[in-house]
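The values are calculated or read from the model by the stated rules, or taken from the named source; none is laboratory data. Here the structure is a predicted model, which means the values were calculated and not measured. Counting neighbours? That spans all protein chains shown, and the Cβs are built from the backbone with ideal geometry, glycine included. SASA here: full protein model, heavy atoms, side chains in, ligands and nucleic acids out. Shrake-Rupley method; radii C 1.70, N 1.55, O 1.52, S 1.80 Å.
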Amino acid sequence: MSFRFIAPDVVRSASQRALLEHWDQLAAGRPFPAFTEFKSDPAMHDPRQLVAWAVEGEGRLRKFRAMYQGENVVEAFNASWAGKTMEQVVPMSLRRITLEPAKACATGGCAVYMVFSTIDASDRRVDCERLLLPFGSRGKIEHILASLQLTVAKTRAHIVKHFDMQATVELQGSIRPGFSAKSGSAGGDKRRAARRNVARAARISFARRSMTCIVRNLSATGAAVEVSDPAAIPDSFRMVLEMESTERQCRVVWRRRDRVGVQFS
């Protein structure tokens, strides 16, 4: 399985991009950060979609043992992984596309991102976006944090059997660290995190009201949100992006004719 280097902006999920940027910022010029430095932030990425693996052994004897398994992953696989190895919990048909990326992450010390797809019972394509982040010390990878995200969340409890029968790798590659420092040194934009232009539906909620909106740009720390009446939007509200379960707490920092700029808190 080939893992060429890819740019961080190929990561489709906004929450996974935020998690990747956070990992790179924690590294702060090192090849990778220590796992003790990572603090899960529900406003950035849903911990229910995360799995933490301890890396044991080296070479052919290397194994990945589950330390933490989020609720969404438990639901999808209908099993607890605590204390078990990746070989023990992953179906035989999926071991190649599961183990090889983990080995590449542990060997190369780079983040690994991949998208693989299947067809569900309603003949819809469902993608699984998988991000692997290495952590360690003294040049040795000791832990891998995995994020798993489905493009159709409501099929979570039944979709694994479809991936077990048919899984096609759509995209895969390694991401070198140090990209957030490069983007920050270009000058011009003084925001704490680089924003990317997007066009994603979302629902915002406040008091007893909720309404749909379009997120026009997004970063780990904030967003520009297009709404029909900016004056009707309070100074703080909650927002959930389409096909994500993470609820972001938003504080309005500017208002324009049809948009509000928010900072995540």
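Quick notes on this structure:
- Residues that are at pLDDT below 90 and open to solvent by less than 30 Å² (accessible area, probe 1.4 Å), drawn from the range 20-48: Glu21, Ala43, Met44, His45, Asp46
- Filter pass, Ser93 being more than 20 Å from Arg62 (Cβ to Cβ) and open to solvent by 30 Å² or more (accessible area, probe 1.4 Å): yes
- Every test in (1) of a type outside the set (Ser, Thr, Tyr); (2) open to solvent by 50 Å² or more (accessible area, probe 1.4 Å); (3) at pLDDT below 90; (4) out of contact with any helix residue (DSSP H, G or I) (no Cβ under 7 Å at 6 or more places or on another chain) is passed by Asp164 save one, and that test is (4).
- Yes/no for Val215 being over 17 Å from Leu19 (Cα atoms), out of contact with any Ser or Thr (no Cβ under 8 Å at 6 or more places or on another chain), surrounded by 12 or more Cβ atoms within 10 Å (Cβ to Cβ) and at pLDDT 90 or above: yes
- Scope the range 49-68; condition under 18 Å from Ser15 (Cβ atoms) and open to solvent by less than 70 Å² (accessible area, probe 1.4 Å); matching residues: Gln49, Leu50, Val51, Ala52
- One residue from Thr98, Thr85 being open to solvent by less than 50 Å² (accessible area, probe 1.4 Å) and modelled with pLDDT under 95: Thr98
- Picking from residues in the range 130-151 that are free of Cβ contacts under 8 Å to residues at least 60 places away in the same chain and over 16 Å from the mean Cα position of the chain (by Cα), the one that is nearest to Val73 (Cα to Cα) is Lys140.
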